[in-house]
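Working notes for the structure below.
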Amino acid sequence: MEVLIGNLCGFCPGVEYTVKKAEEALKENKMIYCLGEIVHNERVIAKLQDMGMITVKSVDDIPNNSKVIFRAHGEAKSIYERAKQKGLEVIDLTCGKVRIIHDLVEKQKESFIIIIGKKTHPETIGTKGFAKQDSFVIETEDDIVSAYEAYKRSKLNQIYIVEQTTFSKELFKELVNKIKDVFNESNITVENTICDATEKRQTEVMELSKKTNKMIIIGGKQSSNTKELYNIAINNCKEVYLIQEPEEIKNVRFNNDDIVGIMTGASTPKEIVEEVKQYLK
Ligand code: SF4
């Protein structure tokens, strides 16, 4: 059996930074709250929780004057304001690439903002929370007509489009073309804000899945970028397995002539790749 491992397996730069900074902070403080799951990986969360991190769903679940981590996905502006009211010390680990989108969106005082991304994704919710004017999230083609109606109601005459950093680059292109058709306006600005780390990983998984007859994608079941890697792989390779831990492939039948590809989502540590590789051996 041949095993091909993606060069980009392991944490993306933003997650690498988040986990490192969280570990450093936890070495100095016994208890730090984290607003939402720090990354979509149960193993990483468990390790940080053992060090004293407490994951909460809402800023209102955090006692006043505590320390709180804002994770790489970023938070809406109103959450920063609420944290200030509660006297929280914020360890802001918002990824620099997400911060750029917040700044871009916040500056658009005269534009109707369209965010192409998953409606329930924390990054999208955070970005929407920086829009000064009306905004709309488009996740699928079905949302475009409602977005157009909202734009007309807004009385704005410019449209500014950004993208969730981990969204599909192919779907983004398709949706932008359809938005241009439906809106039929000349004043549309499109910022390609997909993260280059995401884009490179998507390209690599596409190439890898064309060369293999089985693909193993390792990542959290809640991870948007991992699901996207799975979707790309399944278009090119008949058998694709999305797993979080090596034991999840124990019922898969591997053959001597298999060519197996391995890729991880952006919040999966590289050590799990080694464990899967050992298992395959
Ligand atoms: S995927 Fe990109 S934007 Fe998201 S945390 Fe990683 S480096 Fe930052």
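A short reminder: the numbers here are calculations on the coordinates, not readings from a lab. What you see is a predicted model, and the numbers here were worked out from it, not measured in a lab. In this analysis, Cβ positions are derived from the backbone assuming ideal geometry, glycine residues included, and neighbour counts consider all displayed protein chains.
Each residue of the range 33-38 was assigned a 3J(HN,Hα) from its phi angle through the Karplus expression (A = 6.51, B = -1.76, C = 1.60, θ = phi - 60°), giving 7, 10, 7, x, 5, 4 Hz with x at Gly and Pro.
For GLU24 and THR189, the FRET efficiency from 1/(1 + (r/R0)^6), where r spans their Cβ atoms and R0 equals 35 Å, is about 0.35. Each listed q (0.13, 0.15, 0.18, 0.25 Å⁻¹) maps to a log10 I(q)/I(0) for the range 60-143, found by the Debye formula over equal Cα scatterers with no solvent: -0.44, -0.58, -0.78, -1.20.
Only one residue of ASN235, LEU156, ILE138 has its Cα farthest out toward the positive end of the dipole of the chain, where Lys and Arg carry +1 and Asp and Glu -1 on Cβ, and that residue is LEU156. Each label point was placed 7 Å from the Cα along the Cα-to-Cβ direction; for GLU274 and GLN222 their separation is 2.8 nm.
Rounded to the nearest Hz, the phi-derived 3J(HN,Hα) couplings of the range 251-261 under the Karplus curve 6.51 cos²θ - 1.76 cosθ + 1.60 (θ = phi - 60°) are 8, 7, 8, 9, 10, 4, 8, 5, 10, 10, x, where x marks glycine and proline. A convex hull fitted around the alpha carbon atoms of the chain yields 129 Å³ per residue. For LYS180 and ILE54, a Förster radius of 51 Å and the Cβ-Cβ distance give a FRET efficiency of 0.65, rounded to the nearest 0.05. Considering only ILE179, ILE100, ILE125, the mean-square fluctuation computed in a Gaussian network model of the chain, springs between alpha carbons under 10 angstrom, is largest for ILE100. Neighbour counts of C-beta atoms inside 10 Å place ASP134, ASP143 in the sequence ASP134, ASP143, starting with the fewest. Taking only the Cα atoms of the range 97-190, the ratio Rg/Rh comes out at 0.92, with Rh defined as the Kirkwood radius.
For the range 150-281, a crude dipole built from +1 on the beta carbon of Lys and Arg and -1 on the beta carbon of Asp and Glu, taken about the Cα centre, is about 400 debye to the nearest 20. Convex hull volume of the Cα atoms of the range 1-75, normalised per residue: 109 Å³. Averaging sequence separations of C-alpha pairs under 8 Å and six or more residues apart, then dividing by the length of the chain, give the relative contact order as a whole percent. Over the chain, the number comes to 22 percent.
Modelled this way, with points 7 Å down the Cα-to-C-beta line, the labels at LYS250 and LYS77 are 5.2 nm from one another.
Given the C-alpha centroids of the range 201-243 and the range 153-172, what is the distance between them in whole angstrom? Comparing the Cα centres of the range 201-243 and the range 153-172, I get a distance of 26 Å.
Extension gain for ASN64-VAL145 works out to 24.8 nm (0.36 nm per residue, less the C-alpha to C-alpha distance). One Cα centroid belongs to the range 114-147, the other to the range 1-22; the line between them spans 28 Å. The charge dipole of the range 97-190, taken about its Cα centre with unit charges on the Cβ atoms of Lys, Arg (+1), Asp and Glu (-1) only, comes to about 320 debye.
With the simple model of a label 7 Å out from the Cα in the direction of the Cβ, LYS86 to MET31 spans 1.4 nm.
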